[in-house]
Amino acid sequence: MDPRPPKAEVTPLAPRHLPGPVSGHVLGIATLAVALSVAAWAQAQTAAPGQAQGQAQDLAQAQAGAAAPLNPLSAIDWLRDDLRRLPGAYPVTPPSGGSAGSISVRALDALRPEAVGLFPAARVGLPETIWGPTPASQLADLIAALPADMLPALRDMSYRLLLAEFAAPLPDAQTTRAPHPGNARTAPVRLNASQPAEAAPSDAEPAVETVAETPDGTARNAAPDFLLARIDKLVEFGALDQAAALLDPLGSDAPVLRLRRLDIGLLLGDEDRVCRTILAPPPVGDAAAEIFCRARAGDWQAAAELHEAARADGRLTPYMADLLDKFLHDDPTLPGAATILPPPPGTPDPLTWRVLEAVGDAQPSLGMPVAYAHADLRGTQGWRAQIEAAERLTRAGAMAPNRLLGLYTERSAAASGGIWERVREVQRLDAALRDGDGAAASEALLAAWPLVQAGELEVAMATLFAQPLQQLDLTPQAARLAFRAGLLSENYETVALGLDPERATAEERFLAAIARGMDPAESGRMPGQLAAAVALAFGPEPPVSEDMADRLAEGRLGEVILRILADLGGPGDPRVLANGLAALRALGLEDIARRTALESLLLERNG
């Protein structure tokens, strides 16, 4: 067995802070608030000490939230006020179905799991009721349709929707997934989408999940499609730490959610902790996972007995039964002999992949889904493998650029050519910037940037180096490159404001106007169909979608944004780009629109 690696560093995504607006208070509301505060204070005097302390903590949190800075880019009038009053907004804690006039009591932790998030909606400038009347199953389908490979700005917006704490969407008749007969790991939307599902015994009857309910009618073991869609999309993006952070606070008994968490733990290297939840009641219905976790817990005898029983009654596929047999009994093979097991068909799921590693048949993460790259950062791989994994995760937006830079500068490049040239030149640029040497930084930037482009790491490097580059006296050629790099950073508007229009080219003035939210056709020009599409979206008469207006009138803001992201994340169609950018601007998502426009023109890819 492999030694347990150190716990993976959590890399929370930090969206641009766009705190929500605050409405003015009229005198009558203020008076009512004072009266309610007095009543609450009086009630707290007679409450139990723990309850009073909890009320005080809640009040402190509410006051801290009210003191947040205001006026995000996306706070336009209809988004700030009217949308909150649209019909169909589903509360995080739905009312129980008791008789009129009765008072029901529900535990504070019995909230609908679909509402879980890592930060409040106001932090990203979006309303809590963003999902409106759109059914949960439709939202799940739209989330599943989001492309995995999209421009960084669009991916960041996707992360905001997947990670923020919004009110739970409207439920519908198909909100839970029943476990597959004999193996709950075969639920839809898996990391190993190409791997065939394990078949149930031929004489098995269709499995029907018996769902226990809490006193308020909430399904205890239910796994909502909407929540699963969010988790699976985060895993597809490679954002395992964020997916784990959504699942851990839930403490759900749902087998499919516990098995999702095991998959994540197997790739992050914290499977020992996650296995305790797999072995806890109720059973997860996955023999392979239970066998693995019993062995990891040191109960090899129980794991072997379960393995024999599961093999006999068909709860394991022949391949998994043989693989686990080798894992449990460590069957010897002759030195230099080929493995006794054939490679798994398609992409192995995380459990199969880790068991193969444990028995000495480890498969490289290159060519696997990006989520598998996390496994190379457990401290069990060499420096090159770690750098390659970090680059993949940084490209996907699942790792902070600073962590990649830390790996780049960990030691001297071991060889020449390929990835080592990028490492060497980034090290040289970092050293020049730390020394404040403009001449050396100019030379290093010109040498490093083509290598950065080859790795599609322009936005990550701009995040790291754009600001210090603007503070140095660079050569003219390096200064022009630094300007373009700065437009890919979060300080794009500041970089644009620093442009000297007298010395700038027409293309630079065009880009600077986009960064400032102005009509670029009035300032400069840029060749190409994509530039024309951007100019149309930022011009005086941007295209307007009637379908979008109809959906917004019904309060379907979240659905509209998801559709825009799916459209813009596809191939670079100029007409789609113009419509999507105009729609983002109409919704008040100005920052995302500007960044998407700049990335469409400056990055040598479109999605």
If you go through the stretch 257-277 one residue at a time, do you hit one that is outside any helix (DSSP H, G or I), under 16 Å from the mean Cα position of the chain (by Cα) and at pLDDT 95 or above? no
Tally the residues that are within 29 Å of the chain's Cα centre (by Cα) and among the acidic types (Asp, Glu), restricting the search to the stretch 480-513. 2
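Find the residue count for the stretch 265-286, including only residues that are in contact (Cβ under 8 Å) with a residue 40 or more places away in the chain and farther than 17 Å from residue 307 by Cβ. Spell out how you get there, then give the answer.
Narrowing the stretch 265-286 to residues in contact (Cβ under 8 Å) with a residue 40 or more places away in the chain: 266-272, 282, 284-286.
Subsequent filtering for residues that are farther than 17 Å from residue 307 by Cβ retains 266-272, 282.
Count: 8.
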Subset of the stretch 365-384 [β-branched (Val, Ile, Thr) and either closer than 20 Å to residue 347 by Cα or crowded, with 18+ Cβ neighbours inside 10 Å (or both)]: 370
Find all pairs meeting these conditions: Cβ atoms under 7 angstrom apart; at least six residues apart or on different chains; first residue within the stretch 132-145 and at positive phi; second residue part of a helix (DSSP H, G or I) and open to solvent by less than 30 Å² (accessible area, probe 1.4 Å). 132/557; 132/558
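Inspect the stretch 441-449 for any residue being over 19 Å from residue 603 (Cα atoms), among the aliphatic types (A, V, I, L, M), surrounded by fewer than 21 Cβ atoms within 10 Å (Cβ to Cβ) and at pLDDT 95 or above and give the result as yes or no. It would help to see each step written out before you state the result.
First, pick out the residues of the stretch 441-449 that are over 19 Å from residue 603 (Cα atoms): 441-444.
This time we only want the ones that are among the aliphatic types (A, V, I, L, M), so: 441, 444.
Those left that are additionally surrounded by fewer than 21 Cβ atoms within 10 Å (Cβ to Cβ): none.
No: the stretch 441-449 contains no residue that is over 19 Å from residue 603 (Cα atoms), among the aliphatic types (A, V, I, L, M), surrounded by fewer than 21 Cβ atoms within 10 Å (Cβ to Cβ) and at pLDDT 95 or above.
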Would it be correct to say that residue 294 is under 17 Å from residue 330 (Cα atoms), without any contact (Cβ under 8 Å) to a residue 60 or more places away in the chain and not in a loop (DSSP other than H, G, I, E, B)? yes
Consider the stretch 418-432. How many of its residues are open to solvent by less than 30 Å² (accessible area, probe 1.4 Å) and not in a helix (DSSP H, G or I)? 0
Qualifying positions in the stretch 291-305 - within 24 Å of residue 253 (Cα to Cα) and open to solvent by 30 Å² or more (accessible area, probe 1.4 Å): 294, 296, 297, 298, 299
Residue in the stretch 456-479 that is open to solvent by 10 Å² or more (accessible area, probe 1.4 Å), among the small types (Gly, Ala, Ser) and out of contact with any Leu (no Cβ under 7 Å at 6 or more places or on another chain) present: yes
Consider the stretch 314-332. How many of its residues are open to solvent by less than 70 Å² (accessible area, probe 1.4 Å), outside any helix (DSSP H, G or I) and of a type in the set (D, E, K, R)? 1
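Considering the stretch 233-246 alone, what residues qualify as being open to solvent by 20 Å² or more (accessible area, probe 1.4 Å) and more than 23 Å from residue 367 (Cβ to Cβ)? Explain how you work it out, then say what you get.
Filtering the stretch 233-246 for residues open to solvent by 20 Å² or more (accessible area, probe 1.4 Å) gives 236, 245.
Passing the criteria: only 245.
Do we have any residue at all in the stretch 359-366 that's in contact (Cβ under 8 Å) with a residue 24 or more places away in the chain, assigned to a helix (DSSP H, G or I), of a type in the set (Gly, Ala, Ser) and touching a helix residue (DSSP H, G or I) at 6+ places or on another chain (Cβ under 6 Å)?
Pass one, the stretch 359-366, residues in contact (Cβ under 8 Å) with a residue 24 or more places away in the chain: 359, 365.
Narrowing the set further to residues that are assigned to a helix (DSSP H, G or I) leaves none.
Scanning the stretch 359-366, I find no residue that is in contact (Cβ under 8 Å) with a residue 24 or more places away in the chain, assigned to a helix (DSSP H, G or I), of a type in the set (Gly, Ala, Ser) and touching a helix residue (DSSP H, G or I) at 6+ places or on another chain (Cβ under 6 Å), so the answer is no.
Please go through the stretch 111-127 and give me each residue that is touching a His at 6+ places or on another chain (Cβ under 7 Å) and modelled with pLDDT under 90, ordered by number.
Taking the stretch 111-127 as the starting set, the residues that turn out to be touching a His at 6+ places or on another chain (Cβ under 7 Å) are 123.
Correct list: empty.
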Which one of these does residue 477 not meet: (1) of a type outside the set (A, V, I, L, M, F, W, C); (2) under 22 Å from residue 151 (Cβ atoms); (3) not in a loop (DSSP other than H, G, I, E, B)? (2)
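Quick one: would you say residue 577 is modelled with pLDDT of 90 or more and under 31 Å from the mean Cα position of the chain (by Cα)?
Values: modelled with pLDDT of 90 or more: yes; under 31 Å from the mean Cα position of the chain (by Cα): yes.
Here the answer is yes, as residue 577 does meet what is asked.
Just wondering, is there one or more residues in the stretch 229-241 that are aromatic (Phe, Trp, Tyr) and modelled with pLDDT under 95? Working first, answer last.
Here is the first cut: in the stretch 229-241, the residues aromatic (Phe, Trp, Tyr) are 237.
After this cut, where a residue has to be modelled with pLDDT under 95 as well, the list is none.
Scanning the stretch 229-241, I find no residue that is aromatic (Phe, Trp, Tyr) and modelled with pLDDT under 95, so the answer is no.
Scan the stretch 489-520 for residues that are in a helix (DSSP H, G or I), open to solvent by 70 Å² or more (accessible area, probe 1.4 Å) and closer than 20 Å to residue 582 by Cβ and report the count. First the steps, then the outcome.
Restricting attention to the stretch 489-520, the residues satisfying the condition of being in a helix (DSSP H, G or I) are 492-497, 506-515, 520.
Filter once more, so that each one left must be open to solvent by 70 Å² or more (accessible area, probe 1.4 Å): 493-494, 497, 509.
Going one step further and asking which of them are closer than 20 Å to residue 582 by Cβ, we end up with 493.
Looking only at that region, the number is 1.
The values are calculated or read from the model by the stated rules, or taken from the named source; none is laboratory data. In this text the structure is predicted, and so the values were computed from the model without any measurement. Cβ: placed from backbone, ideal geometry, glycine included. Neighbour counts: every protein chain shown. Protein only, heavy atoms only, side chains kept; ligands, DNA and RNA dropped before computing areas. Shrake-Rupley method; radii C 1.70, N 1.55, O 1.52, S 1.80 Å.
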